[in-house]
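Here is the structure we will look at, set down as structure tokens.
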């Protein structure tokens with residue numbers, strides 16, 4: 001059990017045992033392999049890692065993905081801006097109502 | 001893709017749309033006109049942004065106590081005649097004053113009331129000298 005096998009030896013052994021396999025099993029295995037390879041080569045339309053080994057950021061791969069990301073960023077920025085404007089507007093209204101109705105005279109706060 | 005583009009344009013439109021909303025005095029509802037009555041003469045010449053804020057203020061008018069409604073109407077003209085910078089400064093002062101402890105605020109209120117009572121002329125702001133119920 002302590003015998004060391006080098007990769008070449010393993011390949012030889014595998015080839016040898018494959019030759020001994022039944023024809024039906026062999027063709028089924030070949031078919032499965034072909035199918036697996038076909039699935040692997042099918043282009044996937046989702047964002048994925050650039051995968052150059054050193055890159056860890058998911059980068060868009062096509063112009064379409066860039067546009068989608070740009071629009072999402074735009075939507076996010078617009079939403080944030082809208083929310084900020086609304087909050088600021090509400091704060092101004094709240095303060096104005098308070099100033100206009102407070103028991104203290106308005107002149108106290110005006111220069 | 002089409003949906004993404006459509007929603008993108010829709011969002012941009014939504015963020016720009018609220019900026020375009022000037023209203024003529026004649027087009028205001030009777031409730032709005034009642035709340036903003038002191039500004040009837042100058043309403044159409046007010047900047048859009050100020051109109052927008054005043055319309056939002058007017059929305060709260062029906063929910064105020066009668067004393068607060070009176071105070072608000074007395075102060076509207078003076079408030080509208082201030083420059084945007086003056087209003088901004090007044091808001092900041094008011095917010096700062098709101099952060100002062102309740103006791104000290106009450107002391108200031110009492111002092112102002114005494115001053116008002118001592119003054120023979122009526123105040124320019126139209127603040128009723130009676131101790132009106134708080135609006136908040």
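The values are calculated or read from the model by the stated rules, or taken from the named source; none is laboratory data. Owing to the predicted nature of the structure, the values given are computational and were not obtained by experimental measurement. Quick reminder, even Gly has a Cβ in these numbers, built from the backbone with ideal geometry, and neighbours come from all protein chains shown.
For region A:55-62, does any single residue satisfy the condition of being assigned to a helix (DSSP H, G or I) and either at pLDDT 80 or above or within 9 Å of chain B (Cβ to nearest Cβ) (or both)?
Taking region A:55-62 and keeping what is assigned to a helix (DSSP H, G or I), we get none.
So far as region A:55-62 goes, no, none of its residues is assigned to a helix (DSSP H, G or I) and either at pLDDT 80 or above or within 9 Å of chain B (Cβ to nearest Cβ) (or both).
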For residue B:86, indicate whether it is within 8 Å of chain A (Cβ to nearest Cβ) and either modelled with pLDDT under 95 or farther than 19 Å from residue B:24 by Cβ (or both). yes
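With the structure loaded, tell me whether residue B:99 is more than 7 Å from chain A (Cβ to nearest Cβ), modelled with pLDDT of 90 or more and over 18 Å from residue A:106 (Cα atoms) or whether it fails that test. Step through it out loud before you land on a result.
On the way: more than 7 Å from chain A (Cβ to nearest Cβ): yes; modelled with pLDDT of 90 or more: yes; over 18 Å from residue A:106 (Cα atoms): no.
The answer is no for residue B:99.
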Selection within region B:48-83 - surrounded by fewer than 18 Cβ atoms within 10 Å (Cβ to Cβ), at the interface with chain A (Cβ under 9 Å from one of its Cβ atoms) and outside any helix (DSSP H, G or I): B:65, B:82
What number of residues within region B:14-34 are farther than 15 Å from residue B:58 by Cβ, at pLDDT 55 or above and in a helix (DSSP H, G or I)? 1
